[in-house]
1. Can you spot a residue in the range 3-10 that is at pLDDT 95 or above, part of a loop (DSSP other than H, G, I, E, B) and either touching a strand residue (DSSP E or B) at 6+ places or on another chain (Cβ under 6 Å) or closer than 30 Å to Ile101 by Cβ (or both)?
2. Please go through the range 101-146 and pick out each residue that is among the hydroxyl-bearing types (Ser, Thr, Tyr), within 23 Å of Glu222 (Cβ to Cβ) and touching a Pro at 6+ places or on another chain (Cβ under 7 Å).
3. Can you tell me which of Lys388, Lys319 is within 28 Å of Ser109 (Cβ to Cβ) and surrounded by fewer than 22 Cβ atoms within 10 Å (Cβ to Cβ)?
4. Please verify whether the range 18-40 includes one or more residues that are in a helix (DSSP H, G or I), modelled with pLDDT of 95 or more and either farther than 25 Å from Phe344 by Cβ or not aromatic (Phe, Trp, Tyr) (or both).
5. Do we have Ala124 as at pLDDT 95 or above and buried (at least 20 other Cβ atoms within 10 Å of the Cβ) here?
6. Only residues in the range 351-369 that are under 9 Å from Val325 (Cβ atoms) count as the first member; pair them with residues that are of a type in the set (A, V, I, L, M, F, W, C) and part of a loop (DSSP other than H, G, I, E, B), Cβ under 9 angstrom, at least 6 apart or cross-chain, and list the lot.
7. As an exercise: evaluate Ile168 against (1) among the hydrophobic types (A, V, I, L, M, F, W, C); (2) part of a helix (DSSP H, G or I); (3) under 24 Å from Gly309 (Cα atoms) and give the number of the one condition it does not meet.
Amino acid sequence: MGKVVSLKCVVCGKEYDPKKVLYTCPECGDDGLLDVLYDYEWMKKNLSREDISSNPDYSVRRYLPILPLEKDLLPPLQIGWTPLYQSVKIGPEAGLKHLYIKDDGRNPSASFKDRASSVGIGKARELKQEIITAASTGNAASSLSCLAASVGIKTIIFVPKRAPKAKIAQLLIFGATVLMVDGTYDNAFDLCLEATRTYGWYNRNTGFNPYLLEGKKTAALEIAEQLGWKAPDKVVTSVGDGCIIGGIWKGFHDLYQLGWIDKMPQLVGVQAEGSAAIKNAYEKGGPVVPVNAQTIADSISVDRPRAAGQALRGLRDTKGIMVTVSDEEILDAMRLLGRSEGIFGEPAGVTSLAGVLKLSREGRIGADERVVTIITGNGLKDVETAMKAVGQPHLIQNDPDDMKKMVNQLGLA
């Protein structure tokens, strides 16, 4: 792993040999998340962005030279290189001339989390691991199970009892062993760590395994390349554990260190009002205080964010913004995105867009700024909440007169 120099603790700054430390900092324990550090000077001499752009493989695989894998052990499915659309309606109506929407619901398991799982599985295969475990509200788990199935690795998944049925269905279809915890996501996370320590199963949790963040950073690499290797002014994403916004920072940081972009974008994190532990810590400048998370956006409903340190690092480094939105604003964003842009996002996925709209109303996004918002999951992940957003269909009898009556009632004639 010549391009990887070491693993560095986000808390104490100590560096470790990747061959000797697998997960978190031995000194700081589970809170000491590790960053993968690269030999940027070596990479500058041996790699160029033209090498990347000339690769005919439009997936996360095109970024293997700046991922922490010795060889190509990524899953065979089409992961990444999701579309980046310039908004045709929402942006102009919000007074934003250059609003871009990245639809990561187009990944194999319909979630951004496939990026992290792809690198996690690649590392597991490199280490010759036969079982991978994870804790999740649904997306990370279904992502892991989907991609692991494609390479024949067994998965054991811990999910909270309230996880949406559609996500549980994905897990079971992909052959995962599902342990449903009668408790919260945080309870499931803790049990998953205990299982890793007890049975030696490889752990996929992003707020624990340093290599998962490297998968998440591929979204930043794609955004930069899709915009002609120009960093946008702002990148907006939903925030739960903090790992996605932490990964976005890492991707742009790597590109900036390589000299492939000329600036770091300002990061904007959006949390649900009922799950705002990272926003509270960022604004108060103090430690992260757990909350009793309550929101319809299950994927970002987190009491104790495990990757808060990496999220806060990215926000502080880019003088970023944190904002909260209500559940009603999230439902509004679901309707708006579908009806205005033809993109079906799940609640957590569209929370970022709800934040863009709120910041635009408050005058905190400039009309000429180039803004990218990431939709992290497809709406079919949580159909029950989608129906809350849009209501029920109009029931009519199998009768022409009843059909005409309804058409007139709805003003469609």
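The values are calculated or read from the model by the stated rules, or taken from the named source; none is laboratory data. Computed from a predicted structure; not experimentally measured. Positions of Cβ are generated from backbone atoms using ideal geometry, with glycine treated the same way; all protein chains shown enter the neighbour counts.
1. Checked against the condition, which is being at pLDDT 95 or above, part of a loop (DSSP other than H, G, I, E, B) and either touching a strand residue (DSSP E or B) at 6+ places or on another chain (Cβ under 6 Å) or closer than 30 Å to Ile101 by Cβ (or both), the range 3-10 yields no hits at all.
2. Across the range 101-146, the qualifying residue is only Ser118.
3. Numbers: Lys319 fails: within 28 Å of Ser109 (Cβ to Cβ).
Sole residue among the options that is within 28 Å of Ser109 (Cβ to Cβ) and surrounded by fewer than 22 Cβ atoms within 10 Å (Cβ to Cβ): Lys388.
4. Within the range 18-40, the subset in a helix (DSSP H, G or I) is 29-31, 40.
Filter again for modelled with pLDDT of 95 or more, leaving 40.
Restricting the remaining residues to those that are either farther than 25 Å from Phe344 by Cβ or not aromatic (Phe, Trp, Tyr) (or both) gives 40.
Yes, because at least one residue in the range 18-40 is in a helix (DSSP H, G or I), modelled with pLDDT of 95 or more and either farther than 25 Å from Phe344 by Cβ or not aromatic (Phe, Trp, Tyr) (or both).
5. Spelling it out, Ala124 is indeed at pLDDT 95 or above and buried (at least 20 other Cβ atoms within 10 Å of the Cβ).
6. Thr351/Val239; Thr351/Ala297
7. (3)
Yes/no matrix, rows are residues, columns are (1) among the hydrophobic types (A, V, I, L, M, F, W, C); (2) within 23 Å of the chain's Cα centre (by Cα); (3) farther than 20 Å from His253 by Cβ:
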site	(1), (2), (3)
Val5	yes, no, no
Gly29	no, no, yes
Arg61	no, yes, yes
Pro83	no, yes, yes
Lys102	no, yes, no
